[in-house]
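> There's a structure below that I have some questions on.
Just so it is clear, none of the values below were taken in a lab; they were calculated from the coordinates. Because the structure is predicted, anything quoted here is derived from the model rather than measured. Please note: Cβ atoms are built from the backbone with ideal geometry, for glycine as well, and neighbour counts cover all protein chains shown.
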Amino acid sequence: MKKNILIIPGDGIGPEVTIWGKAALEHIAEAFDHQFTFDEALMGHAAIEKTGNPLPDDTLEKAKKTDAILFGAVGHAKYDNDPSLKVRPEQGLLKIRKELGLFANLRPILLFEELLHASSIKPAILKGTDILFFRELTGDVYFGEKKREDDGKTASDLMIYHRYEIERIAHKAFQAAQQRSKKLCSVDKANVLESSRLWRETVQEISTQYPEVATEHIFVDNMAMQLIKNPNRFDVVLTANLFGDILTDEASQIAGSMGMLASASVGESIGFFEPIHGSAHDIAGKDLANPLASILSAALMLEIGFGLKEEAQLLVDSINDVLKEGFRTNDIADQHTNRYKVLGTAEMGKTVLKFLSNRTTNTAT
Ligand code: IPM
Ligand code: MG
């Protein structure tokens, strides 16, 4: 298979984790005789520093032409502490999502058995949890009109949804539910918000086209509680942009750490694959970041982007091997025991590749 892949490392820990996602893709290409051609582009703070623009035209052009994108993270402490700055790294990410029509953000909460104890939630409650979030990605308060009154003392963000935006992501989520355990939970705040009432009404209507899927509707505040009380009862979860942003950070604790979760943004054209963690500037450049979410993002690219299921599974299995052997990065090591071998970012990346090599020599054709 021939594919062009654009790497956008971004800021903070982005570059140091993304090289491992890329290395995993290179290894798969070699083992399976695929031709992956890589290019690189700037986004976020790194792009602002060089060009003044968080999403330079050159990056957008390359993104529109490529087959898939592997992204790291954007953000910088400088902006977090100064809300008055007008040009911000996150604008790059939001703009590329919109420009590429990436309206569906799939966030699988993949729980490795070995990491049951890394979570702050009791293992007995977590066991067997397997959730697939569908977070709407190009609507909501993220893209609604933003206003600051002239006196500077009043501000608003418009929470807006159009029916077609809800319909298209709902179809994707129902189709996934049909392939999985035929359960879908739609999350909204329809007891208070008009946009949520439109959301619920639309999802209810679409659910009639998928009669074999058991659909439930739940308010977001209740969901925040149910997710950690009884995560096991959920399968496909469908929700809006802001609620999805918040709930998936919460759900990352089910998987043990933000450093373990990957996501796939899809929609009208090519796929965009990224860890759900941010730029984590506090640990950037210290060889402390967990590269597994980037490698899992590469796995999602192989599976969802290119339909290469076997190759994707090999990456997941190799990570499993590594965890079984007791290797951990800091974020998933149980601080109270010394039974794990704690590795830095680069060593963890290399270790996954080593286990991947063992597997590919046995399986690749
Ligand atoms: C995410 C991030 C982004 C978002 C930020 C960096 C703009 O938190 O991908 O979850 O809010 O969507
Ligand atoms: Mg987020």
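> Computed from the mean reciprocal separation of all distinct C-alpha pairs, what Kirkwood hydrodynamic radius does segment 120-255 have, in Å?
Values: mean 1/r = 0.0638 Å⁻¹.
15.7 Å is the Kirkwood radius here.
> Moving on. Of the options L94, H171, S84, report the single residue whose Cα projects farthest towards the positive end of the charge dipole of the chain (beta-carbon charges: Lys, Arg +1; Asp, Glu -1).
Highest projection toward the positive end goes to H171.
> What ranking, highest mean first, results for peptides 263-275, 224-236, 117-129 when packing means the other Cβ atoms within 10 Å averaged over each residue? All intermediate terms of the calculation are to be shown ahead of the outcome.
Working: 263-275: 21.9, 224-236: 17.5, 117-129: 14.7.
Packing order, densest peptide first, comes out as 263-275, 224-236, 117-129.
> Considering the options T329, S269, L296, tell which one lies farthest towards the positive end of the dipole of segment 237-365, charges being +1 on Lys and Arg and -1 on Asp and Glu at the Cβ, about the Cα centre.
Towards the positive end, the residue furthest out is T329.
> Charges at C-beta only: +1 for Lys and Arg, -1 for Asp and Glu. How large is the resulting dipole of segment 120-255 about its Cα centre, in Debye rounded to 20?
Details: 18 positive and 21 negative charges, 115 e Å.
The calculation lands at about 560 debye.
> Okay, next question. Can you compute 3J(HN,Hα) from phi for each residue in segment 59-64, using the Karplus curve 6.51 cos²θ - 1.76 cosθ + 1.60 with θ = phi - 60°, rounded to whole Hz and x for Gly and Pro?
Ordered by residue, 3J(HN,Hα) equals 5, 5, 4, 4, 5, 6 Hz.
> Based only on the alpha carbon positions, what is the Kirkwood hydrodynamic radius of the chain, in angstrom? Please report the intermediate quantities before stating the final value.
Values: mean 1/r = 0.0474 Å⁻¹.
For the chain, the Kirkwood estimate is 21.1 Å.
> A follow-up question, please. To the nearest whole percent, what portion of all C-alpha pairs in segment 249-317 is separated by more than 21 angstrom? The partial results should precede the final answer.
Values: 683 of 2346 pairs.
The calculated P(r) of segment 249-317 puts 29 percent of pairs beyond 21 Å.
> Another question, then. Any idea what the dipole of the chain comes to, in debye rounded to 20, about its Cα centre with Lys/Arg Cβ at +1 and Asp/Glu Cβ at -1? Present the calculation step by step, with values, prior to reporting the outcome.
Details: 41 positive and 52 negative charges, 95 e Å.
For the chain, the charge dipole is close to 460 debye.
> What residues of segment 287-327 lie in the reach of a label at T37, counting those whose backbone N is under 19 Å from a point 7 Å from the Cα along Cα→Cβ?
In segment 287-327, the label zone of T37 (backbone N under 19 Å from the point 7 Å along Cα→Cβ) covers 306.
> Would you mind calculating the relative contact order of the chain from Cα pairs under 8 angstrom and at least 6 residues apart, reporting the percent as a whole number? Let's see the in-between values first.
On the way: 764 pairs, mean separation 79.0, N = 365.
Here the relative contact order equals 22 percent.
> Determine how many Å³ per residue the convex hull of the Cα atoms of segment 1-119 encloses.
Values: hull volume 17.6 nm³, N = 119.
Value for segment 1-119: 148 Å³ per residue.
> Hey, got the dipole for segment 301-343? About the Cα centre, +1 on K and R Cβ, -1 on D and E Cβ, debye to the nearest 20?
Values: 5 positive and 8 negative charges, 48 e Å.
Computed charge dipole of segment 301-343: roughly 240 debye.
> Moving on. Suppose a student asked you for the relative contact order of segment 120-255, using Cα pairs under 8 Å spaced at least 6 residues apart; what percent would you report?
Working: 214 pairs, mean separation 52.3, N = 136.
Contact order relative to length: 38 percent.
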